[in-house]
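So the structure is just underneath, and the comments pick up after that.
None of the figures in this text is laboratory data; all of them are computed from the coordinates on show. Keep in mind that what you see is a predicted model, and the values were worked out from it rather than measured. Ideal geometry is used to build each Cβ from the backbone, glycine not excepted, and the neighbour counts take in all protein chains shown.
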Amino acid sequence: MMPIRQDLWEDFFKGGRLACARLISAVENDPEALPEILDKVIPAQKGGIRIGVTGPPGVGKSTVTAALARRAVRARHSVGILAVDPTSPFSGGAFLGDRVRMQDLGDDHSVFIRSMASRGGHGGLSPATPYAADVLDAFGLDRIFIETVGVGQAELDVLDCSDLVVLVLQPGTGDVIQALKAGITEASDLFLINTADLQGAETILDSLRFLMEIRPVRKGRP
């Protein structure tokens, strides 16, 4: 393992976006570099709020993440976005299409967007995602959005690396609440119904209200 160059660290702590991107690449690609990186970035963290955005495939997580990021920018926050796409089991690559939906945010210097392949992670994130969030926190970003791949009941990694979990749902997806209730609905802090102008929005809202009444209180979270 080659140590991280001192000039890279200097650029990073001066706000160099390329240095930040390279450190995230090192987190993804060089596990042996991880201890050095964490030793540097954890003491430098500013306490940025980490917001997980999750939900079943196709409900509009990227659209919601982009909309939340725009609101944060208007409120004068500095924003980081980690958007995780599934890795192909055949090619090992990923389309990384989430960033395409956020193109209008890419020119804003208060926003740092990083697409990540899931790379074998089975909990909705890449194994490197929590460490990439640590890098963005140390970079000085105070709102860090972590968008998962499409998830079901058991993919709960986002819970462990987020201060707040937003579950995105939409009408017309069948009995999705019944399918999810044993997992991600119990782990989420905020429910967002996307495309709520579609038929069935009231039905899914009623199901969510019922779940709120019966779900257990989670220890360590509000």
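A few points about this structure:
- Net length gained if the chain between residue 45 and residue 74 were fully extended (0.36 nm per residue, minus Cα distance): 8.1 nm
- Highest average first, the peptides 128-140, 40-52 ordered by how many other beta carbon atoms sit within 10 Å of their residues are 128-140, 40-52.
- Total formal charge among the other residues, if their Cβ is under 13 angstrom from that of residue 140, Lys/Arg +1 and Asp/Glu -1: +1
- Straightening the chain between residue 186 and residue 142 buys 13.2 nm, computed as 0.36 nm per residue apart minus the Cα-Cα spacing.
- In a fully extended conformation the segment linking residue 212 and residue 195 would gain 4.0 nm over its present Cα-Cα distance, using 0.36 nm per residue.
- Averaged over residues, the count of other Cβ atoms within 10 Å places the peptides 25-36, 61-72 in the sequence 61-72, 25-36, highest first.
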